[in-house]
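Notes to accompany the following structure.
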Amino acid sequence: MFDITIIGAGVTGCAIARELSRYKLNICVVDKEVDVASGTSKANSGIVHAGEDPMPGTFKAKMNIRGNELFDKLQEELDFPFKRNESLVLCFDEKDICKLEELRQRGIENGVPDTMKILNREETLKLEPSLSDKVVAALTLPTGGIVCPYELTIALAENANMNGVDFFFGREVQEIEKREDHYILKTNRESIKTNIVINAAGLYGDKINNMVSNKKYEIIARKGEYVLFDKAVGSMVSRTLFQLPTKMGKGVLVTPTVDGNLLMGPTSVDIEDKDNLETTMEGLNTILDKAKLTVKEIPTRQIITSFAGLRAHEVNGDFIIGEAEDAKNFINAIGIESPGLTSAPAIGEYIKDMIVEKLNPKKNENFNGIRKSIPKFRELSNEERKALIKKDPSYGKIVCRCETVTEGEIRNAIRRPLGATTIDGIKRRTRAGMGRCQSGFCLNRAVDILAEELNVARKDITKFGSDSNLLMENE
Ligand SMILES: Cc1cc2nc3c(=O)[nH]c(=O)nc-3n(C[C@H](O)[C@H](O)[C@H](O)COP(=O)(O)OP(=O)(O)OC[C@H]3O[C@@H](n4cnc5c(N)ncnc54)[C@H](O)[C@@H]3O)c2cc1C
């Protein structure tokens, strides 16, 4: 019997798990996929929003502000890529400058530090020389940042696991039985008995809620497509560049990623199929067209890939966080669309406070909030590289040439807590396969290492679990 079961190992579920691991509680996280960050948390803009956009008083506004504040300390503790690079909201028409001032005021009301400024055209172009000539003014958001969304999620999960939280993958919760004082979660494998359920199931949060509560929710998948550019043009802009927001979201942005690429997107289209991550020619053309307003030139020859993410849009528009009125001990953290990545640390804290009030649990005296990432060979000095190779010669063998990822890093990614079991798992933990050639050279070697470490045949290695095998049979 678990005290608490969290459904969903995305950034929301993992942030909650890590916060709760500060207490002596028997906790597990279940996910239908084979790894953490397999849902929306793997494919988004990776922006730590300042908090000027959500409507004052909403959960989105409160969690965004608090989440943003928590990022520096969290990075210190969990060692994931994050940088405060400042965001700019750009204005292209003199008559819209008042909208920048409205955003600034809304930001102040939400609690964004009052360091935001409205710049004129010359001041804006001085900051970002690649901007298009159409820019007339900009609002600066100095607390805006960029983060690697899957590394953040992995770091939260690893640390929760180090502190005693169990993770069960490949378990889809298919039915929930409400008993007198506990719940039974029926999965495609075993059943899980638990006192408290926390629903952090992303796009399927409505389905999970509707299994238990009569207050029904509806979550719509809102697709966002992106274009990713090679690191060769990663420094074309240094800040995150937004256009003035619309009803459908924060529009198409142009931003450096924290790993040094250039990113443009997302689109915003409601779709029926919650698993449809296809990119389309129409979507890509829309991005390039809209981004032309922001920057003078689009370096199309440097595009290395495209991808899509799905926002979990609840029709009422705000995050749904709290205990269901008609189901004691069933707690929702759903409808977590943007700024959900930014808000995750705050949602974790908020739900931890709810549980502490409910159960008054003892502190976990052994809690250790520090987690170290895999050494990144590409970022080390030659002295540090030599020392690492001396300790473990596998750090002397480069596997991914585009991203300079060594065999040592890949083996470390597989062996650590909640280690990689798939090619995508290796990719997200080390960046092997994320460079210009998109794994053309290193995939074969990564399959070999994974098969060796897991002691399975090469043909059993998958890209992301289920039937995503890469090879038909052993050669
Ligand atoms: C295009 C786009 C851009 C965005 N940009 C930003 C941004 O720049 N900044 C920002 O702050 N936010 C951004 N967001 C929002 C952010 O990505 C999300 O809010 C966040 O990732 C949601 O995390 P989550 O853990 O709630 O959901 P998810 O990451 O989707 O996790 C839910 C998990 O639940 C599991 N699950 C579902 N059903 C079941 C079941 N029945 N049984 C077991 N497991 C189940 C899934 O497998 C999944 O792993 C963006 C989102 C999109 C789509």
With runs of 4+ DSSP H residues as the only contributors, calculate the mean residue ellipticity of the chain at 222 nm using -39,500 (n - 2.57) per run, divided by the residue total and rounded to the nearest 500. -9500 deg cm²/dmol
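Given contacts defined as C-alpha pairs under 8 Å and at least six residues apart, what's the relative contact order of region 354-475, whole-number percent?
Details: 149 pairs, mean separation 21.7, N = 122.
Relative contact order of region 354-475: 18 percent.
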Tell me, Glu282, Glu128, Glu403 in order of fewest to most beta-carbon neighbours within 10 Å? Glu282, Glu128, Glu403
Which residue, Ser238, Asn276, Met264, has the largest displacement toward the positive end of the dipole of region 178-296 when charges sit on each Cβ (Lys, Arg +1; Asp, Glu -1)? Ser238
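Once R0 is set to 56 Å, what does the formula 1/(1 + (r/R0)^6) return for the Cβ-Cβ distance between Ser191 and Lys95, expressed as a FRET efficiency to the nearest 0.05?
Numbers: r = 61 Å, r/R0 = 1.08.
So the FRET efficiency works out to roughly 0.40.
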Cα atoms only, region 1-107: Rg and Dmax in Å? 17.8, 62
Can you list the cysteines of the chain that have no other Cys Cβ under 4.7 Å away? Cys14, Cys28, Cys91, Cys98, Cys148, Cys402, Cys437
Rounded to the nearest Å, what's the spacing between the alpha carbon centres of region 218-267 and region 114-146? Just the number, please. 16
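At most 11 other Cβ atoms within 10 Å and a DSSP loop assignment: could you name the trypsin sites (Lys or Arg not before Pro) in region 163-202 that fit? Present the calculation step by step, with values, prior to reporting the outcome.
Details: sites: Arg171, Lys178, Arg179, Lys186, Arg189, Lys193; in loops: Arg171, Arg179, Arg189.
Passing both the DSSP loop test and the Cβ count: Arg179, Arg189.
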First obtain the Kirkwood hydrodynamic radius of the chain from its Cα pairs, then insert it into the Stokes-Einstein equation at 10 °C and 1.306 mPa s, and state the resulting D in µm² per second as a whole number. 69
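Give me the dipole magnitude in Debye, nearest 20, for region 323-475 about the Cα centre, with unit charges on the beta carbon: positive for Lys and Arg, negative for Asp and Glu.
On the way: 27 positive and 23 negative charges, 168 e Å.
That gives a dipole near 800 debye.
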Taking Cα pairs closer than 8 Å and at least 6 residues apart, the relative contact order of region 1-145 in percent is 25
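What share of the DSSP beta bridges in the chain is antiparallel, in percent to the nearest 5?
Details: 53 of 72 bridges.
Just about 75 percent of them are antiparallel.
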Give me the distance in nm between label points sitting 7 Å out from Cα along the Cα-to-Cβ direction at Thr305 and Ala387, one decimal. 3.2
Placing +1 at every Lys and Arg Cβ and -1 at every Asp and Glu Cβ, with all other atoms neutral, what dipole size does region 170-312 have around its Cα centre, in debye to the nearest 20? 420
List the GluC sites (Glu not before Pro) in region 112-209 that DSSP assigns to loop (not H, G, I, E or B) and whose Cβ has at most 16 other Cβ atoms within 10 Å. Which are they? Glu172, Glu180, Glu190
Please report the relative contact order for the chain, taking Cα pairs under 8 Å with a sequence separation of at least 6, and give it as a percent rounded to a whole number. 20
Under unit Cβ charges (Lys, Arg +1; Asp, Glu -1), what dipole magnitude, rounded to 20 debye, does the chain have relative to its Cα centre? 1000
Starting at the first residue of region 54-62, write each ³J(HN,Hα) from the Karplus equation 6.51 cos²θ - 1.76 cosθ + 1.60 with θ = phi - 60°, in whole Hz, x for Gly and Pro. x, 5, x, x, 7, 4, 4, 5, 5
Cα centroid separation - region 382-427 against region 442-475, whole Å: 17
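Using 0.36 nm per residue, how much length does the chain from Glu175 to Thr115 gain when fully extended, once their Cα-Cα distance is taken away? It would help to have the intermediate numbers written out before the result.
Numbers: separation 60, 0.36 × 60 = 21.60 nm, distance 4.90 nm.
Computed gain between Glu175 and Thr115 is 16.7 nm.
Every read-out reported here was derived from the displayed coordinates using simple, explicitly stated rules and does not represent laboratory data. Computed from a predicted structure; not experimentally measured. Glycine gets a Cβ as well: all are built from the backbone with ideal geometry, and neighbour counts include every protein chain shown.
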